[in-house]
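Since the structure comes first, as structure tokens, the remarks are kept for the end.
The values are calculated or read from the model by the stated rules, or taken from the named source; none is laboratory data. Since this is a predicted model, take the numbers as computed values, not measurements. Every residue, glycine among them, receives a Cβ derived from its backbone with ideal geometry; neighbour counts consider all protein chains shown.
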Amino acid sequence: MSQAAAHLHWQVPGGLEQLEFFAEGMHCANCARSIRSKVGALPGVQRVDVNLTTARVSVAWDPERSRLGTLLDTVEDLGFHAVPLNGAAGSDAQRAERRRMQKRIGLAALAAMQMSMYTVGLYAGAWSGIDPWIEQLLRVTAMLIAVPVMFYSGAPFLTGAWRDLRRRSLGMDVPVAAALVLAFVASVVNTFRGTGTVYFDSVAMFIGFLLVGRYVEMNVRRNSLDAGEALVRSLPATVTRLKPDGGSERIGLAQVAAGDRLVVPMGAVIPVDGVLESDGTLVDESLISGESVPVARSAGAALPGGAINAGAACTVRASRDARHSTLATMAALIERSQAERPPQALAADRAAAQFVFWIVLLAAAVAGFWYWFDRARAFEATLAVLVVTCPCALSLATPVAIAAATTRLARRGMLITRADALERLAAVDTVVLDKSGTLTSARMQLAEVRCLGTLERAAVLRLAASLEQQSAHPLAAAFTGATADRSAIDAVHERAGQGLEGRIDGALWRIGRREYVADLAGTQAPPAAADDSDDFIWLGSAAGFSAAFAVTDSLRPEAAAAIAALRELGLTVRIASGDRRSTVARVAAELGISDASGRMDPQAKLGLIRELQAQGRRVLMVGDGINDGPVLASAHVSCAMGGGAALAHAAADLLLMNESLLSVAAAVQTARGTMRLMRSNLRWALGYNLCAVPLAAAGLVSPWLAALGMSGSSLYVVERARRFAGGAA
């Protein structure tokens, strides 16, 4: 365990350490609840996130108060095995678990077929007569075959029930194990007595049906409902790093540091966020943004970790390590959303736990009734009740629906960062959109050039572009892209939030805010040619103001279609922007939005959200900037653009990685579909039990048929979620 543990944990801010692993053997809500409670009770443990859908556990703790070994020993004591998330160890562990399950199923199936020959002889002998020694031989032979089935194939149910009973809780394995033990023990007793009915064939079929159901469920959940794991597994275990002397070396992904130069072969995954140093390549970013068409990237372009190099082999300089890459962030956000327990999931878990208690009482009542009314039918009726009412489907109904929605949206470039966001998103009736970076792209362009002195348009553009090429500010691209003419410049100095200055042809020039340029131009009064002076970028020298520039960003091509899609869903759409009112009004007019506000600072946006909430509106806020952080946090549900600020990402419930506003409407539609799927799954699970329980209690359902029905109900719930994740309505 210690060797594996070395690959499972790392340090996080605040002096804490974090541990992530697969909990092998976890398959129900009770398992997840036991890990969450027992590990969370250890000294120094700050957080325990347990994802039932993927059997994934994340623990953050203070290493001064608890050792790593203590955490892992606690998990082992609960009956689970911690294995690494990725790499060879994680893959080997999952393959080993699958092989064990296949062996158990194979043994149960072979034993059931073999025992059917012996039990047919017993049944035939009961009608036409059979020699006592042959009858006993058939009983003993069937018992010997049933022993490995019971204690090897049935081990997951027996150990799960024992684990639950040790914790003084009633999990879903308890009624199953009780039925198995009762049937097996009664059969063994009757075998040694030489009289009575034996149920060895039913035990084998019962275990076989349950194992097949659990095996299929495990595969569907792992392969179809785990977008976060798919993201993590796409990363290579090792990468090629170029050494300073020109050579190369293979290193582990965890060893990559910012500044390392990595070779990415054709068709390989770009392991970390970086900058392309080669001349150019094609990049497939479908895993990140959902865009399936590869895009061309030239030297100097930023590449996200997790994209695929679809062109020739290239060299990438890492801008950050693997743990902080775009892909790792996406996987962490998905994992957080799946690990959180929304109110409906918690309610379903509580209902399932209480349901098991009532199952046991019901089974006891059925046994008492049939023992008094018809003793011969008491045993089979009791077994059928224990099996058919196992609430697997009830416990799975909510988590698989959440996982399906998470996967469905991740494939479309939308990440759900908080599980309860789906429930809140389904209820929204108003969408408030920021303009800059949300309705418009980040590509800036010149909208207007006003010449205020003797210089012509070409001259002022040349001066402005010469100054702005020295700046990394997003606005600079509007000038440098407007003209290719440049002048030699020196003595450049940039003042944050104001502008920059430089000496061109012996004269000192400034470009930026009006007050900043006016300090050099010698006047504070805005030129008469500029009536809305605060909305302009100014150019001037000691001789006075020379030009005023209006810069704007372009409307996203899908913006109009996205607004129409939101309205088709019955949503009211508004714009709240910090940009100038004239620009906001122009964008609103182009999109047909009547409610639009400009010149709104963060406090004004926050006031608007609260005003709408006071009117009973449920608001979805979509933004991208640092100033949108407080507003995103206060909205009923919020969405941040993937290319926006980190603060906005932290405050948002959803993260739009593909930058397409069409995904916002798709997210609302998916959230509503998820709520319908949850309710439908819960109705199915409850309806199935309400129909099956009376039949089983009446003795009309045999134990093996009860096992088939219980497994089928769970598979039905999971299969519906799998289809929903794939895009089916």
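Quick notes on this structure:
- Residue in the range 482-494 that is in contact with a His (Cβ under 9 Å, 6 or more places away or on another chain), in the same structural domain as A550 (by TED's automatic domain parsing) and either assigned to a strand (DSSP E or B) or within 17 Å of T552 (Cα to Cα) (or both) present: yes
- Test result for A363, among the small types (G, A, S), in a helix (DSSP H, G or I) and either modelled with pLDDT of 70 or more or not assigned by TED's automatic domain parsing to the domain that holds A378 (or both): yes
- Residue match in the range 386-406 (condition: surrounded by fewer than 24 Cβ atoms within 10 Å (Cβ to Cβ) and either at pLDDT 75 or above or on the phi > 0 side of the Ramachandran plot (or both)): no
- Screening the range 153-260 for helices (runs of 4 or more DSSP H) wholly inside it with 3 or more residues that are buried (at least 19 other Cβ atoms within 10 Å of the Cβ) and modelled with pLDDT of 70 or more returns the ranges 155-166, 173-193, 200-224.
- Close pairs from the range 294-305: first more than 16 Å from V263 (Cβ to Cβ), partner outside any strand (DSSP E or B) and hydroxyl-bearing (S, T, Y), Cβ under 9 Å, at least 6 apart: P294/S286; A302/S319; P304/S289; P304/S325; P304/T326
- Of the residues in the range 274-290, at least one is surrounded by 24 or more Cβ atoms within 10 Å (Cβ to Cβ) and modelled with pLDDT of 80 or more.
- Flag if A376 is loosely packed, with under 14 Cβ neighbours inside 10 Å, at pLDDT below 75 and assigned by TED's automatic domain parsing to the domain that holds A186: yes
The rows are residues; the columns are (1) under 24 Å from F545 (Cβ atoms); (2) modelled with pLDDT of 85 or more; (3) aliphatic (A, V, I, L, M); (4) part of a loop (DSSP other than H, G, I, E, B).
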site: R424; (1), (2), (3), (4): no, yes, no, no
site: A427; (1), (2), (3), (4): no, yes, yes, yes
site: S436; (1), (2), (3), (4): no, no, no, no
site: S441; (1), (2), (3), (4): no, no, no, no
site: A459; (1), (2), (3), (4): yes, yes, yes, no
site: A477; (1), (2), (3), (4): yes, no, yes, no
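- Given (1) surrounded by 15 or more Cβ atoms within 10 Å (Cβ to Cβ); (2) in the same structural domain as R510 (by TED's automatic domain parsing); (3) without any contact (Cβ under 8 Å) to a residue 40 or more places away in the chain, index of the condition S546 fails: (3)
- The residue list V45, V12, V75, V83 contains one member that is under 22 Å from F157 (Cβ atoms), among the β-branched types (V, I, T) and either at pLDDT below 80 or surrounded by fewer than 22 Cβ atoms within 10 Å (Cβ to Cβ) (or both), which is V83.
- Residue check for V432: at pLDDT 80 or above and not assigned by TED's automatic domain parsing to the domain that holds A596: no
- Residue ID - farthest from L661 (Cα to Cα), chosen from residues in the range 556-613 that are of a type in the set (S, T, Y) and not in a loop (DSSP other than H, G, I, E, B): S582
- For the residues L695, L682, L662, the requirement of being modelled with pLDDT of 80 or more and either surrounded by 20 or more Cβ atoms within 10 Å (Cβ to Cβ) or not assigned by TED's automatic domain parsing to the domain that holds V198 (or both) singles out L662.
- Close contacts from the range 275-287, counting a first residue that is not assigned by TED's automatic domain parsing to the domain that holds E659 and a second that is at pLDDT 85 or above and of a type in the set (D, E, K, R), with Cβ to Cβ under 9 Å and a gap of 6+ residues or different chains, come to V275/R317; L276/R317; E277/R261; E277/R317.
- Condition met for Q94 (part of a helix (DSSP H, G or I), of a type in the set (S, T, N, Q) and modelled with pLDDT of 85 or more): no
- In the range 652-677, the residues that are over 15 Å from S441 (Cα atoms) reach residues that are of a type in the set (S, T, N, Q) and in a strand (DSSP E or B) with C-beta atoms within less than 8 angstrom, at least six apart or across chains, in these pairs: A652/S638; D653/S638; L654/S638.
- Considering the conditions (1) buried (at least 20 other Cβ atoms within 10 Å of the Cβ); (2) in contact with a helix residue (DSSP H, G or I) (Cβ under 6 Å, 6 or more places away or on another chain), L569 is excluded by exactly one of them, (1).
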